[in-house]
Amino acid sequence: CAALAILPILLAGGGVAVAALGSLGAAIALKGADGSLRYSLHRTATELLFLPFSDEARARVKGFMDVIGQRGGQIIASLALLAFAASPVSSPRVLAIGLVAIASFWALAALALRAPYVELFRARLRTGRVSHLEEYPDLDLASLETLIAALDSRFDNEVLAALHVLVREENIHLVPALSLFHPS
């Protein structure tokens with residue numbers, strides 16, 4: 001969650017620089033921070049917020065956030081900029097001060113999210129995320145070949161996992177008798 005605050009903190013700092021200096025260099029640095037972090041660090045940190053949700057809830061929430069949150073936010077910001085440009089107080093310095101206020105609120109919200117998110121994440125880990133075996137589709141030939149090859153693994157957990165899948169698929173007859181001589 002702390003990674004979510006990096007971009008708004010840099011935007012607030014860039015807004016302060018633009019408001020104080022009013023220089024093109026400060027505006028370019030501000031745009032550089034936004035362009036370089038929005039689709040790398042910030043996008044990844046945002047995707048991690050969906051981890052504690054169940055698969056069904058994640059699909060619903062993520063879809064809503066992508067459409068309403070991101071696109072709706074872009075529409076509102078565009079309309080606000082158009083209204084600001086038409087107002088008599090429009091200037092780059094006032095716009096930069098507005099950016100500082102919004103980015104500061106954004107950073108504080110991201111930092112305040114940390115404690116409840118960590119608790120939700122821990123609760124989700126305690127309950128476990130067990131997928132039901134019946135949700136998997138029938139195995140094709142290539143999958144069965146991979147399972148048979150896994151029976152020869154030197155790692156016990158791979159052998160046991162392959163055996164469990166073959167039992168579940170009622171293909172235990174495919175287990176070679178030589179598997180009984182596995183080192184463990």
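The values are calculated or read from the model by the stated rules, or taken from the named source; none is laboratory data. Please read all numbers here as calculations on a predicted model, not as lab measurements. A quick note on method: Cβ atoms are made from the backbone with ideal geometry, for glycine too, and the neighbour counts reach across all protein chains shown. Note: areas computed on protein heavy atoms with side chains; ligands, DNA, RNA excluded. Shrake-Rupley method; radii C 1.70, N 1.55, O 1.52, S 1.80 Å.
Charges at C-beta only: +1 for Lys and Arg, -1 for Asp and Glu. How large is the resulting dipole of the chain about its Cα centre, in Debye rounded to 20? For the chain, the charge dipole is close to 1380 debye. Divided by 2.2 N^0.38 Å, where N counts the residues, the Cα radius of gyration of the chain comes to 1.64. Angle of helix 72-86 to the longest C-alpha principal axis of the chain, folded into 0 to 90 degrees and rounded to 10: 10°. Ranked by the mean number of other Cβ atoms within 10 Å of their residues, highest first, the peptides 144-154, 74-84 come out as 144-154, 74-84. Placing a label point 7 Å from the Cα of Phe64 along the Cα-to-Cβ direction, no residue of the range 96-116 has its backbone N under 15 Å from that point.
Summed over the residues of the chain and divided among them, the accessible surface reaches 69 Å² per residue at a probe radius of 1.4 Å.
Take the Cβ atoms of Leu21 and Ala101, set R0 to 25 Å, and the FRET efficiency comes out at 0.85. Across the range 96-110, coupling constants 3J(HN,Hα) worked out from phi with the 6.51/-1.76/1.60 Karplus curve, θ = phi - 60°, read 5, 5, x, 4, 4, 5, 5, 5, 5, 4, 4, 5, 5, 5, 5 Hz, and Gly and Pro carry x. Within the accessible area of the chain, the carbon and sulfur atoms contribute 70%, probe 1.4 Å, all protein chains present.
Simple rule: put +1 on each Lys or Arg Cβ and -1 on each Asp or Glu Cβ in the chain, find the dipole, and look at Leu174, Leu51, Gly73; the Cα lying farthest toward the positive end is Gly73. When the chain is treated as a GNM with alpha-carbon contacts under 10 Å, the residue of Phe105, Phe155, Phe64 showing the greatest mean-square fluctuation is Phe155. Taking θ as phi - 60° and the Karplus parameters 6.51, -1.76 and 1.60, the scalar couplings of the range 163-171 work out to 5, 4, 5, 5, 5, 4, 7, 6, 10 Hz in sequence order, x denoting glycine and proline.
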